[in-house]
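The values are calculated or read from the model by the stated rules, or taken from the named source; none is laboratory data. All values reported here derive from a predicted model rather than from experimental measurement. Positions of Cβ are backbone-derived with ideal geometry, glycine not excepted, and every protein chain shown enters the neighbour counts. Surface areas here come from the heavy atoms of the whole protein model, side chains and all, with no ligands, DNA or RNA. Shrake-Rupley method; radii C 1.70, N 1.55, O 1.52, S 1.80 Å.
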Amino acid sequence: MEWIINQYPGIRLTAVARIICGLGLMLLPLASHGGMSINDAIQLAQDNDPWLQGSVHREQALHAQSTAAGAMPDPMVNLGFANLPTDSFDFDQEAMTQFKVGVTQTLSRGETLGLKQRQLAVMGTQQPLQRQNRKARVAVSVSHLWLDAYQAKHTIDLIEDDRALFEQLVDVAESSYATAVGKTRQTDLVRAQLELTRIEDRLSVLHERLEMSLAKLGEWLMAAPTAASGEWHNLATENFVIPEQLPEITLGRPALLNTHHKPDLREIASNLISHPAIVSLDLKIDASATGIKIAEQKYKPQWKLNASYGYRDDDPYGVARSDFFSVGFSFDVPLFTSNRQDQQVQSAAAMTEAIRTERALLLRSMVSSFETQRSRLLRLEDRRALYQTRLLKEIQDQADASLTAYTNEEGDFAEVVRSHIAELNARIDAFNIDVDRLKTIAQLNYFFAEARFKPAGERT
């Protein structure tokens, strides 16, 4: 900073002190290395997701229903008096008077019980897959929100670091204008102060973005109230510290990002068919196809077995009478099927085809989204390399050259301000590219989730 003092001897010592302090702060390494990592936030969000616990309960309910669906209906017991004489109601008057105890058992129609049991069991098996898909989606959402907060916080840090430089430029311009040394004009003072004001507005917008990101992140990191305290705790705003280092998110299948080999749609689809969301729909199709077989069972008769025992009293003269035992069966005859059974089978078949369409739409959407994110990541990698190898250095050289020219009274103050603003914006753009790259990798990793089957009731 000797050039400032030599060039402008009238500059205030406080300004020199601010310049030195500002440069010192820019060079001072950050001391804080703690904070909640992105993986910690994802794990905490998954652990505090009530949907996952609700899915466990739904799975338990479906497996309980499956067990119940395979059981035979309870038998019906009949008790009663038969053929009582209406003139006296004496139990031993007539030979046909008897006390009857009967039991009736309804049998399932065809293989309905076994098919219903299988259908509900398959529906229960969907739940672990849906939990895996939910976890993958939560990981994407939390990653994006965490990176949004990180992006806002560290953009604020970048601007705060450069604000000291713009304050120095204002001091230099004021001293030069006051002492009539150099070519500083009043418009230079106004321009420098305007840029400081714009920086203040920019910081205000970024603080708003940071607060909004933390509030949205709190939806996932909010611990439910306990029965004892009844208090809610938002872990995104309570004791939440954003780490200083940008995290590294590893791409699940880097081979699909090979620039020398662009995968075709069939190859992408083959990698997506094992995704939990797709496999869950496959099970849903299986359960619906079982529903077709259940509907077809209604073409078969339903049987009922019945047996009864009739007790008769002795006649009035004391002669013993034989008791009666009856056994038989009954069944319905599905003759008129056009308005009932046929329609039920058609309905079940149409529902199955609708689910197949749902699966095709989901797979097509996932393939398209994967292609979009893949192309975006490749372009971000190109831009990242361009910024790191050329653009940042060239913009910094331009800023240094404009400042040197101005100190030698060969340049314009407005150009100094513009070049330093361009340098700041370039560093922010390079940082934003790094963040967008991580967001894209997090989104791509969602497509690489693999379906895993777990025992019923186990949380996945």
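Laid out as a table, the results:
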quantity: Rounded percent of accessible protein surface that carbon and sulfur make up, segment 305-460, 1.4 Å probe; calculated: 53
quantity: Principal axes of segment 257-406: Cα extent on each, largest first, Å; calculated: 139, 35, 26
quantity: ³J(HN,Hα), Karplus 6.51/-1.76/1.60, whole Hz, each residue of segment 153-163, x for Gly, Pro; calculated: 4, 7, 5, 4, 4, 4, 6, 4, 4, 7, 4
quantity: Debye-sum result for segment 324-454 in log10 I(q)/I(0), which assumes one identical scatterer on each alpha carbon, at q = 0.16 Å⁻¹; calculated: -0.95
quantity: Histogram of C-alpha separations across segment 73-163, 10 Å bin width, %; calculated: 12, 14, 12, 11, 11, 10, 8, 7, 6, 4, 3, 1
quantity: By accessible area with a 1.4 Å probe, ligands and nucleic acids excluded, highest first: order of 420, 63, 57; calculated: 57, 63, 420
quantity: Cα→Cβ-extended label distance, 7 Å offset, between residue 251 and residue 335, nm; calculated: 7.1
quantity: Selection from 343, 416, 331, by position along the positive dipole direction of segment 301-418 (Cβ); calculated: 331
quantity: Segment 117-163: Rg to Rh, with Rh as the Kirkwood radius over Cα pairs; calculated: 1.50
quantity: Accessible area of residue 325 in the full protein assembly, 1.4 Å probe (Å², nearest 10); calculated: 140
quantity: In Å², nearest 10: area of residue 87 left accessible to a 1.4 Å probe; calculated: 120
quantity: Largest-first ellipsoid semi-axes for segment 373-445, taking √(5λ) over the Cα gyration tensor eigenvalues, angstrom; calculated: 34, 10, 7
quantity: ³J(HN,Hα), Karplus 6.51/-1.76/1.60, whole Hz, each residue of segment 128-133, x for Gly, Pro; calculated: x, 5, 5, 5, 5, 5
quantity: By accessible area with a 1.4 Å probe, ligands and nucleic acids excluded, highest first: order of 317, 299, 150, 309; calculated: 317, 309, 299, 150
quantity: Probe 1.4 Å, protein heavy atoms only - accessible area per residue of segment 326-377 in square angstrom; calculated: 66
quantity: Percentage relative contact order, segment 256-397, counting C-alpha pairs under 8 Å, at least six apart; calculated: 30
quantity: Amide proton proximity set for residue 98, modelled H, under 5 Å, gap of 5+; calculated: 82
quantity: Pairs from 153/262; 153/393; 135/293 whose Cα-Cα separation, in the structure shown, is over 27 Å; calculated: 153/262; 135/293
